[in-house]
Amino acid sequence: PRPTATCHDEISWYDPRITIISEAKLWDKINVKEDVTLALTLQISANQVEDSSTRSALLNLAEMNIDTWAPQPCVLIIHVANGASKEVRQQVISQFNPQRPWLSWGAEAKQPKDTCLIAAIFSEDDRMISGKALLNMATDIAPTRWVVSRIELERGQLLSKEASYFAKRAAKVYGDASGKVLVFPQFAYEKNVKGPVSIIDILNTHNEDDDTSLVNTDLASVDCDKCGADGPFIPPAHNSTNMMTSLWWDMTKSTILGEKSPYVGSDFALEKLAEALDDIQMSLISLLKPENTRDFQFMGDSIAIMVDALGPEDGMFSADVAPEIDALGGFRCFKNMRLVELAALGYTIQVLPGVFSASHSSSRRSLCPLSNSREGVLGESQCDGCFMFKDGRRLISDILGEERQRVVKSSTLWYAMDWERARKRSSRRQKRNRNNS
């Protein structure tokens, strides 16, 4: 069993406090293999609840992401601290009421209310709960093989206009090869636009050699919370993130603009791509080393993922072998632990060209309350680390130790089973050869 923090407020789909707002009536018509589920979570803090404009902005942001993703399925779980009042409940429920007209950023009319399961948890107190626990709930109930997650709504992130199309395209391309994790970046777009950003927008404004580029990967630099001397240690962008982002730009320009790429077009290019992906995988796995614990814990790099529910080995299911760790709640508390564990367990890490999310100046500004009339609680701020532990240094060390051992044992077990299957296949071939001779 995993060591964990003492939980005063456990949450699951069986919790009577959960209010189902939209029942996803069209889930029986989706394509389980080729559709992709978007798993979203949103935490509205007590300070944000008190500011009606901030509260509305967060709900509108969630609605825009769902609308952009439609008609593919999605799951949205909202936690509202100090949200038990009649006014707040009515606002959240009416925002996602299936009878209410929705936004539409696409050329065709969509009905996201019928393809999205939407639930809300209205807490009577101001305590925050683990965002990773909410994310596990969202991914566990997803009806498709492929799931996109880790879109940071609390940072104003909006999926690109073409994200749904390129994600579904990837699900079709990789349908015959299980055990893949596709990664894509989240940006801060330094331009005031309305609604989601297009892939063409950022390709036209991005210049890797120009410091004045309007596309920024340092989300912390535009957060509402500016972590000062009293905040957590903030490490620079990890090498794996830099490599993933660079490769994503290259592959996206090749896919969208047809630009020449060293990773596309020949057997040599494919070998170079395999080497680049292997370097990324090893760099991610290196974060599990004890000497990298501090950087790993406070890593702010925001990597979104599209995960195959089927693992690289028969009988291996992603939600079982590498779920989010509920106890590691907090915006800066081993944010990318699941991605690292999937890499260590032998999943193939690849980039997802054409898919990204981005905040823009107005979406970020609208999420910052004009004033904080009350003292914040742990877990509200981007500057809070692993807020679920009162004095958790030793407990965090225990959890990490257990996770390292679990990954090693799981990898060894799957390797042994794979070796045994290969031995049996070889034995059967030899027997057939003897019978034929």
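Here, each number is a calculation from the coordinates, and none is a lab measurement. Keep in mind the model is a prediction, meaning the values are calculated, not measured. Glycine also receives a Cβ, built like all others from the backbone with ideal geometry; neighbour counts cover every protein chain displayed.
Roughly how far apart, in whole Å, are the Cα centres of the stretch 24-66 and the stretch 175-207?
When both Cα centres are located, 19 Å separates them.
Long-range amide H contacts for Thr144: which residues qualify at under 5 Å (H placed 1.01 Å from N, peptide plane, sequence gap of 5 or more or a different chain)?
Here Thr37 satisfy the definition.
Kindly write out, for the stretch 138-155 in residue order, the coupling ³J(HN,Hα) from the Karplus curve 6.51 cos²θ - 1.76 cosθ + 1.60 (θ = phi - 60°), rounded to whole Hz, with x marking Gly and Pro.
Once rounded to whole Hz, the list reads 5, 6, 5, 9, 4, x, 10, 5, 9, 9, 9, 8, 6, 7, 8, 4, 5, 9.
So what are the radius of gyration and Dmax for the Cα set of the stretch 147-205, in Å?
Taking only Cα atoms of the stretch 147-205, I get Rg and Dmax of 13.3, 41 Å.
What is the gain in length, in nm to one decimal, between Lys172 and Glu23 on full extension, counting 0.36 nm per residue of separation less the C-alpha to C-alpha distance?
Here the segment from Lys172 to Glu23 would lengthen by 51.0 nm.
Test of understanding: what is the full-extension gain from Ser246 to Asp278, defined as 0.36 nm times their sequence separation minus their Cα-Cα distance?
Taking Ser246 through Asp278 to full extension adds about 10.1 nm, to one decimal.
Sum up the charges of everything whose Cβ sits under 12 Å from the Cβ of Phe296, counting Lys and Arg as +1 and Asp and Glu as -1, but leave Phe296 out. Let's see the in-between values first.
Working: positive: Lys289, Arg294, Arg332, Lys335, Arg404; negative: Glu291, Asp295, Asp301, Glu341, Glu403.
With Lys, Arg at +1 and Asp, Glu at -1, the neighbours total 0.
Just the Cα atoms of the stretch 238-290, one point each, no solvent: what log10 I(q)/I(0) does Debye give at q = 0.24 Å⁻¹?
Calculated log10 I(q)/I(0) at the listed q: -0.90.
As an exercise, take the mean of 1/r over every pair of distinct alpha carbons in the stretch 240-362, invert it, and state the Kirkwood radius in angstroms. Display every interim value, and only then the final one.
Details: mean 1/r = 0.0624 Å⁻¹.
It works out to 16.0 Å.
Take the Cα radius of gyration of the stretch 268-335 and divide it by 2.2 N^0.38 Å, with N its residue count; two decimals is plenty.
Working: Rg = 14.7 Å, N = 68, 2.2 N^0.38 = 10.9 Å.
With N residues counted in the stretch 268-335, Rg over 2.2 N^0.38 Å equals 1.35.
In whole Å, largest first, what are the principal axis extents of the Cα atoms in the stretch 7-69?
Extents along the principal axes: 41, 30, 18 Å.
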